[in-house]
């Protein structure tokens with residue numbers, strides 16, 4: 001079978017939650033005529049996330065990219081910041097936008113997170129911070145990164161866009177380093193249409209974050225610093241609250257889909273499904289596939305192209321790597337020479353659809369399609385590269 005254009009399966013199809021509850025909150029916000037500027041639902045969303053994560057301060061943002069930019073500015077970063085290239089481009093852009101140089105570090109081939117063993121060699125007198133990314137919700141080696149940061153007097157922050165509802169060594173992500181930044185974009189398993197959250201246990205930093213998020217205001221008609229408008233509106237906050245109330249349901253669906261993918265795909269030659277450790281809490285929102293083309297008999301790109309033709313909109317993550325996108329490709333043309341694991345993974349990895357928009361039958365159909373495509377490739381049919 002295949003999925004036609006009208007019912008294609010996409011990576012990142014939004015979860016909705018209880019529509020009636022969301023609409024009730026929306027009507028309430030409209031009746032109160034308080035649609036932004038730290039309204040009732042923004043405050044409730046912050047409080048609910050703070051309780052869920054066990055973090056002292058949660059500041060709701062209009063999106064995670066602005067959240068990263070505000071966190072970077074509030075920490076007073078400058079010069080250079082060490083960051084992986086194997087991440088979404090916003091991680092690097094949030095630095096470059098503020099004229100801070102992202103220094104790309106290679107990743108651990110197993111965890112896909114920034115490799116602490118490679119970090120220290122990249123530190124220079126201009127380095128002010130290390131930014132890790134908790135890819136796929138699996139925590140960075142926080143302890144090793146913190147030791148390096150402390151040794152060299154650097155700030156440590158995390159792009160936690162993938163990691164809401166996840167733990168590392170038994171502690172919920174959100175309180176590591178100086179600050180962490182979550183995404184509630186529509187493609188995330190908990191969404192607020194567009195949105196993000198910056199979390200910290202540092203009281204002074206939290207105060208700066210709130211000021212920068214609101215144009216630098218510290219009081220009525222009093223501005224103390226350069227700021228921007230990073231506030232989350234009430235309708236987004238209402239959606240975030242509604243999604244948060246369904247988090248256990250969403251995770252259970254993701255877990256069931258992930259396990260079914262593992263059962264059906266792990267036997268195919270050259271394909272492996274990235275596992276999630278059962279010892280930690282996870283959100284299972286990414287079904288990450290690594291392909292060895294020589295064994296599978298088909299390249300990653302050709303397989304993804306054939307899946308698209310069948311209505312399965314798989315995604316190459318994080319192709320081709322930040323260092324191969326502009327402006328970084330021009331600014332640092334030799335960066336790839338120092339990123340062998342990043343270069344390798346960008347050619348081998350892709351993600352499959354999951355979430356509440358899929359049924360178990362959908363997952364089984366996707367696996368059946370993949371099996372057929374690979375069988376045809378091994379038999380010499382349909383092997384032309386896209």
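Values quoted throughout were computed directly from the atomic coordinates according to the rules given, and no laboratory measurement underlies them. In this text, all values refer to a predicted model and were calculated from it rather than measured experimentally. For neighbour counting, all protein chains shown are included, and Cβ atoms are generated from backbone atoms with ideal geometry for every residue, glycine included.
Data overview
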item	result
Per principal axis, descending, Cα span of region 19-244 in whole Å	57, 40, 27
Relative contact order (percent, whole number), region 231-386, Cα cutoff 8 Å, 6+ residue spacing	29 percent
Segment residue 16-residue 169, extension gain: residue separation times 0.36 nm, minus the distance between their alpha carbons	52.1 nm
Taking 108, 20 and counting other C-beta atoms within 10 Å, the order from fewest to most	20, 108
Most fluctuating residue given options 19, 310, 285, as computed from a GNM of the chain linking Cα atoms under 10 Å	19
Length released on extending from residue 337 to residue 272, taking residue separation times 0.36 nm less the Cα-Cα span	20.8 nm
Descending principal axes extents, the chain, alpha-carbon based, whole Å	72, 54, 37
Theoretical gain in end-to-end length, residue 111 to residue 249 [0.36 nm per residue, Cα-Cα removed]	47.1 nm
Candidates 374, 131, 239, ranked by Gaussian network fluctuation over the chain, Cα under 10 Å, top entry	374
Per-residue [θ]222 nm for the chain (sum of -39500 (n - 2.57) over DSSP H runs n ≥ 4, rounded to 500)	-11500 deg cm²/dmol
If the convex hull is drawn through the Cα atoms of region 285-386, its volume per residue in Å³	121 Å³
Helix axis angle, 360-378 relative to the chain longest principal axis, alpha carbon, degrees	50 degrees
Most mobile of 30, 157, 264 in a GNM of the chain (Cα contacts under 10 Å)	30
Backbone N within region 32-75 under 18 Å of label point (7 Å from residue 220 Cα along the Cβ vector)	37-39
Quotient of Cα Rg and 2.2 N^0.38 Å for region 116-266, N being how many residues it contains	1.23
Distance in nm between pseudo-label sites at residue 262 and residue 329 (7 Å out along the Cβ direction from Cα)	3.7 nm
Region 88-132 and region 56-83: distance between their alpha carbon centers, rounded to Å	14 Å
Estimated FRET transfer efficiency when R0 is 25 angstrom, pair residue 229-residue 33 (beta carbons, to 0.05)	0.80
Share, in percent, of DSSP beta bridges within the chain that are antiparallel, nearest 5	55 percent
Rounded tilt (10° steps) of 40-53 against the dominant C-alpha axis of the chain	60 degrees
